[in-house]
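Note sheet for the following structure.
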Amino acid sequence: MLQVFFGTNYASGVMRNLKRSLLVAALSVPPLLAQTPKAMETITVKGSSIGAAVSADTPALLMGPAELSLLSAMNVGDALSSLPGVANSQFGPNSGRPIVRGLDGDKIRILQNGTALLDASSASPDHAVGVDPLSLREMQIFRGPSALLYSTSILGGVVNLNDTRIATQRLGNGGTLVGRSGSVDNLASGGLKAHATAGDWVVQADYFGRSTDDLRTPVGRIAGTGSEAVGGGFGVSKVWEGGFVGVSWSGLDNDYGVAEPEVVIGQSQRRWDIAGEARLDGAVRKAAFRAGITDYEHSELEGGVAHATFANQGFDARLDLTLARIGSTEAVIGIQGGAFDFDVTGDEAFLPSTTSRNAALFGSFVTPFEAPGLRLRYGFRVQRDSVSADAWTHEGVLSDPGAARRSFTPLGLSLALEKDLGAEWRTTLTVSRVERSPNYQELFADGPHVGTDAYEFGDRALGKERGYGLEWEVAKVAGPLTGSVSAFYNRYSSFITLIENGYGPDLTGVGGPDFSLGGADELVRYDYASVPAHLYGAEARLNYAALAGDSARLNVEVFADTLRASRRDGAGALPRISPGRVGFGLNGLLSGWDWRGEVAYFLTQDHPAVDESRTSGYPLVSASLGRSFRLAGANARVTLRGINLLDRVARNPSSFVKDAVPLPGRGVELGLRLTF
């Protein structure tokens, strides 16, 4: 079948790479593990918390192990972009950060295991998120009051990436071996996750490796888009009836291209996580502590020579207390604090060395009313942020700027009124007020930024970002038909963004380059500024179980989202906005085979920002076929997946490089997973 549809070269390449992927993973299997078969995972449809019990810390959207195993994502943005309202920044196939409801960068906080990720992905679209999807067991998006547990900027949400290396319960002995091979980029990946339990102690370890060649698209191969990545980690936990305590270490080395010949980013991250939880009696029913310590660095190399190195070293820690009910009110309160040093060195450094510190007090609450099925969710977060910049020997718009320090106290508030409409329906109205402190880049940038092909200049007097949000959702939480439809309106009085302001400075008089109009290194200048803006749209995801049986199932899916975002001062649309999509899918089970087919049409972006080009709409068709079976005493699963089956030219309007790097062309991926 592979030869017929994709050609002999594709098919033979896929099989050759799959063997190589499994061999890499198999060589890492610890011989001491006992083989204890585990129950097969249930496949779910489109990440969602629909129907989940309402609590003070419930995520709005989640993707668990079963859903993540179905994805062929190369980066975190790609993995989450299948969810309604989420787009991918997509700087080529290797770098992508989630854009949620049109908000990106530090407007969307990304966490790892509940604490700050601390990488460089928010500084530039060509900087990959410092976590590989192969290492994750769960992705969550928090919105509304529960998001205030983690950030004051919540109108798009907060993304939490869980690797679960610290076990919270006894797991027995076992593991998972995975291998994947793909044709569109000659993908070869393999990984192992293993766990062992001895008494109250649980040890987990994982390893993965991945390599790709230049991406094939409908317009040809894109040079400089290959990658090589290896990573892994371990965790040790002591688990008892009333809680757990554990520590984990993880590492990632990722060398990847950014669609420029001879240019490679060499990324390295090392991280320690510490976590503990105790279930108590009395006023505090549960106390949970988490801390993350990160050492991140990447170098941007051209011809093997580093022209810029980005480093981020710091920590983040939090204590969450779940209180005994006060009357009928459920409450989670806590404190969080952290600090990190961010440095950019080399010929292309456009920032001084900075130190950022923060401390926060937060709470999330749920109070049911006497009226049946009516409850109020509400939360707050107050934070103290400071950003300090060292004195900088530098020529730019400013000459040798001195040391500077800014401090802010952002406040976030959110209130959600929920009503159960019988046993199967729920409606929610959410109102939020948000603030965000400007980050080190928005305050202190002054220089050429290669990733955005612009001369960026920060505003050292910039104030807080401020906005309000309103969202209404109707959800069907039980029965053959489940899903939700929502509409939102987010209004900012001060929205921090880049504004075009002529061209960069002419520095030839001080021995530097000429970034001015007509200069040898001409670059358009963009200044960070606050503008009034609004973003509004709607999202829907519906699933109908047309047939539900032990041996046969059929589900019908419909999903859609739409978004408009513009400045309220008449200056036009905000940049890099994905206007939306509409899609239809079928999935089911027949004769032991589970299958899925999906058609999504991505809308034309005919309201681009002033300096952007129009982006045509396009359809994407995908399909997958899988089967679970027993193999040598282990549970096995084989999956065949096809992407962009029509081989359409697809350009992502949220990408800085949409004109140079379209989405992947027609491809096939073969995967095998063994659980023992």
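Computed in the context of the full set of protein chains, the accessible area of region 80-238 at 1.4 Å probe radius has 52% of its extent on carbon or sulfur.
What does a probe at L631 reach in region 132-148, counting residues whose amide N is under 17 Å from the point 7 Å along Cα→Cβ? Flagged as within label range: none. At R0 = 35 Å, how high is the FRET efficiency between I326 and L470 if r is their beta carbon distance? Nearest 0.05 is fine. FRET efficiency, I326 to L470: 0.80.
Peptides 290-298, 117-125 ranked from most to least packed, by the mean per-residue count of other Cβ atoms within 10 Å: 117-125, 290-298.
Measuring nothing but protein heavy atoms, the accessible surface of region 370-472 at 1.4 Å probe radius is 60 percent carbon and sulfur. A 1.4 Å probe run over the chain, with the rest of the protein chains in place, finds 40 Å² accessible per residue. Ligands, DNA and RNA left out, the accessible area of region 286-325 computed with a 1.4 Å probe is 58% carbon and sulfur.
Under the combined filter of DSSP loop state and at most 10 neighbouring Cβ atoms within 10 Å, region 182-263 retains these GluC sites (Glu not before Pro): E241. A convex hull fitted to the Cα coordinates of region 352-393 yields 59 cubic angstrom per residue. Where the alpha-carbon atoms of the chain are placed on the principal axes, they occupy 75, 68, 48 Å, in descending order.
Taking only the Cα atoms of region 554-676, the ratio Rg/Rh comes out at 1.13, with Rh defined as the Kirkwood radius. Restricting attention to the chain, the count of lysine pairs at 8 or more positions apart or across chains with alpha carbons under 20 Å apart stands at 7.
Secondary-structure-derived ellipticity at 222 nm for the chain, considering helices only, amounts to -1500 deg cm²/dmol, per-run term -39500 (n - 2.57) for DSSP H runs with n ≥ 4. Across the chain, the mean sequence separation of Cα contacts (distance under 8 Å, 6 or more residues apart), normalised by length, yields a relative contact order of 11 percent.
The values are calculated or read from the model by the stated rules, or taken from the named source; none is laboratory data. Just so you know, these numbers come straight off a predicted model, no measurement behind them. All Cβ positions, glycine included, derive from the backbone under ideal geometry; neighbour counts span all protein chains shown. With ligands, DNA and RNA removed, areas are computed over all heavy atoms of the protein, side chains included. Shrake-Rupley method; radii C 1.70, N 1.55, O 1.52, S 1.80 Å.
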